[in-house]
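K.L.:
One structure coming up, written as structure tokens, with questions to follow.
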Amino acid sequence: MARPRAFDNDVALDAAVGCFWRRGLDATSVRDLAQEMGLSGPSLYNAFGDKRQLFLLALERYAETTLRQRIMRHEAMPSALQALTGFFDEIIDRSVGDPERRGCLLINSAINAAPHDAGIARAVAAYFAEIERFLHGRVLAARSTNEVPATVDPRDTGRMLLGLLIGMRVLSRTGASKAELQAMLRPALATLRSPEPRANAH
């Protein structure tokens, strides 16, 4: 009869997320992971496979506990436009509030790991697609309630906002201030807001 695991799977994965987030895939050793996760090397391999497999599991754990929870919170907001602005406001606050300036694990992985591993590239692209679907969906919903002009293309705008998000997270790693990140966001939000009706001239 197999012995039950003597550790909490989610706690161990959270520790792996933190390890990869600080160091990146290449600079993280199995010894680093085992130490952070409180496991022996053999236990780590038995439970999670090799370092690459664990990295993919860590990406999924990060997406589940960070990305998807943020999306769910903002999808539940009654105003689609407020959901978009709130989503980006939270990203900015999270970026500048991290004293280590780690950025986003998914975006870091797209830059550092994905170019060298097609499987990781596909995984990261799928997570980016989830973000784009949320952005596209909120723009579409805002357009349907006249919060956003009918001339705004939801799909193109969703892609544009995804690119903005990636750029903001990368710049935050270099020490960009909250004001600088907000300055990046303002022009994009300006294109989404319906112009105020002009008073009739007399």
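K.L.:
Can you list residues from other chains, or at least 5 along the same chain, whose modelled amide H is less than 5 Å from the amide H of Val148?
P.N.:
Sorted by chain and number, the residues that satisfy this are Arg143.
K.L.:
Also, quick follow-up: What FRET efficiency, computed as 1/(1 + (r/R0)^6) with R0 = 45 Å and r the Cβ-Cβ distance, is obtained for Ser144 and Ser40, rounded to the nearest 0.05?
P.N.:
Computed FRET efficiency for Ser144 and Ser40: 0.25.
K.L.:
Hey, another quick one. Express the Stokes-Einstein translational diffusion coefficient of segment 28-94 in µm² s⁻¹, to the nearest whole number, given a Kirkwood radius over alpha-carbon pairs, 10 °C and a viscosity of 1.306 mPa s. Each step should come with its number before you reach the end.
P.N.:
Values: Rh = 14.2 Å.
Taking Rh from Cα pairs, D becomes 112 µm²/s.
K.L.:
Same structure, new question: Given only helices, namely DSSP H runs of n ≥ 4 each adding -39500 (n - 2.57), what is the per-residue ellipticity at 222 nm of the chain, to the nearest 500 deg cm²/dmol?
P.N.:
Per the formula, -22000 deg cm²/dmol.
K.L.:
Given the C-alpha centroids of segment 148-184 and segment 8-76, what is the distance between them in whole angstrom?
P.N.:
Segment 148-184 and segment 8-76 have Cα centres separated by 27 Å.
K.L.:
For the chain, report the translational diffusion coefficient in µm²/s to the nearest whole number, using Stokes-Einstein at 25 °C, 0.890 mPa s, and a Kirkwood Rh over Cα pairs.
P.N.:
Translational D for this selection: 131 µm²/s.
K.L.:
Determine, from the Cβ-Cβ distance of Arg193 and Glu75 and an R0 of 25 Å, the FRET efficiency 1/(1 + (r/R0)^6), rounded to the nearest 0.05.
P.N.:
It comes out at approximately 0.80.
K.L.:
I've got another one for you. Per-residue counts of other Cβ atoms within 10 Å, averaged by peptide: what ranking do you get for 7-15, 80-88, highest first?
P.N.:
Ranking the peptides 7-15, 80-88 by packing returns 80-88, 7-15.
K.L.:
As an exercise, identify the GluC sites (Glu not before Pro) in segment 64-111 lying in DSSP coil whose Cβ has no more than 12 other Cβ atoms within 10 Å. Intermediate results must be reported in sequence, preceding the final value.
P.N.:
Values: sites: Glu64, Glu75, Glu90, Glu100; in loops: Glu100.
For GluC sites (Glu not before Pro) across segment 64-111 that sit outside H, G, I, E and B with at most 12 neighbouring Cβ atoms in 10 Å, the list reads Glu100.
K.L.:
What full-extension length gain, to one decimal in nm, is calculated for Val152 and Gln182 as 0.36 nm per residue of separation minus the Cα-Cα distance?
P.N.:
8.7 nm
K.L.:
Bins of 5 Å, beginning at zero and ending with the bin holding the largest distance: percent of Cα pairs per bin for segment 99-152, please.
P.N.:
4, 19, 17, 14, 13, 11, 12, 8, 2
K.L.:
Also, quick follow-up: Just name one of Asn46, Ala176, Ala83: the one whose Cα is farthest towards the positive end of the charge dipole of the chain (beta-carbon charges, Lys/Arg +1, Asp/Glu -1).
P.N.:
Farthest towards the positive pole: Ala176.
K.L.:
About the Cα centre of segment 59-192, what is the dipole size in debye to 20, counting +1 per Lys and Arg Cβ and -1 per Asp and Glu Cβ, all else neutral?
P.N.:
My answer is approximately 60 debye.
Only the coordinates and a few stated rules stand behind these numbers; no lab work does. A quick note: this is a predicted structure, and the numbers were derived from the prediction, not measured. Cβ: placed from backbone, ideal geometry, glycine included. Neighbour counts: every protein chain shown.
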